[in-house]
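Undergrad: Can you read through this structure? Questions will come right after.
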Amino acid sequence: MTAHDPLPHRRMTVWRPVAGPAHGTTLGLSDFSWHAGLHPELVRRFVALGLLDATRQGDDLRFQPDQLTTVGRIQRLRAGLSLNYAAIGLVLDLLDRIDRLESALTTAQTTARLAPSTTVVRSRSVRSWT
């Protein structure tokens with residue numbers, strides 16, 4: 001870096017392996033933090049705030065690999081909308097609820113399309129008013 005470098009505070013890019021953890025395995029705190037690109041203390045804070053699900057195995061926290069996706073959502077909400085972590089928890093809950101409702105709606109629409117159509121015919125009695 002020279003004294004006339006226009007970008008003296010460049011950010012260093014951290015490269016992660018393309019392949020994630022094996023399916024069905026859990027990750028310890030240090031491995032999970034490394035894959036997520038976060039400091040372990042921040043991961044512990046996410047667990048304490050209820051943003052991430054973890055299980056205890058002795059003194060170690062264990063994470064399902066799908067929690068890495070949740071970390072990505074947390075980071076995007078934090079960066080894109082400048083939300084605090086409490087608000088992020090609420091937004092994640094609402095997004096999960098929307099996903100469940102959309103799934104139920106899709107299932108109901110598919111079931112309605114596949115169900116045999118039934119026609120209800122009502123007979124009206126015709127009265128003469130004269």
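Undergrad: Could you go through the range 77-84 and let me know if any residue there is assigned to a loop (DSSP other than H, G, I, E, B), out of contact with any Phe, Trp or Tyr (no Cβ under 7 Å at 6 or more places or on another chain), exposed (fewer than 10 other Cβ atoms within 10 Å of the Cβ) and modelled with pLDDT under 90.
TA: no
Undergrad: Restricting to the range 50-76, count the residues that are surrounded by 15 or more Cβ atoms within 10 Å (Cβ to Cβ) and part of a loop (DSSP other than H, G, I, E, B).
TA: 5
Undergrad: Something else about it: Can you name every residue in the range 24-36 that is touching a helix residue (DSSP H, G or I) at 6+ places or on another chain (Cβ under 8 Å) and surrounded by 14 or more Cβ atoms within 10 Å (Cβ to Cβ)?
TA: Start the filter on the range 24-36 by keeping residues that are touching a helix residue (DSSP H, G or I) at 6+ places or on another chain (Cβ under 8 Å), which leaves 27, 29-30, 32-33, 35-36.
Within the range 24-36, Leu27, Leu29, Phe32, Ser33, His35, Ala36 meet the criteria.
Undergrad: Looking at the range 38-49, which of its residues are part of a loop (DSSP other than H, G, I, E, B) and touching a residue at least 24 places away in the same chain (Cβ under 8 Å)?
TA: Restricting attention to the range 38-49, the residues satisfying the condition of being part of a loop (DSSP other than H, G, I, E, B) are 38-39, 49.
Listed by number, the residues that qualify are Leu38, Leu49.
The values are calculated or read from the model by the stated rules, or taken from the named source; none is laboratory data. Given the structure is predicted, the values throughout are model-derived calculations rather than measurements. So basically every Cβ, Gly included, is an ideal-geometry build from the backbone, and we count neighbours across all protein chains shown.
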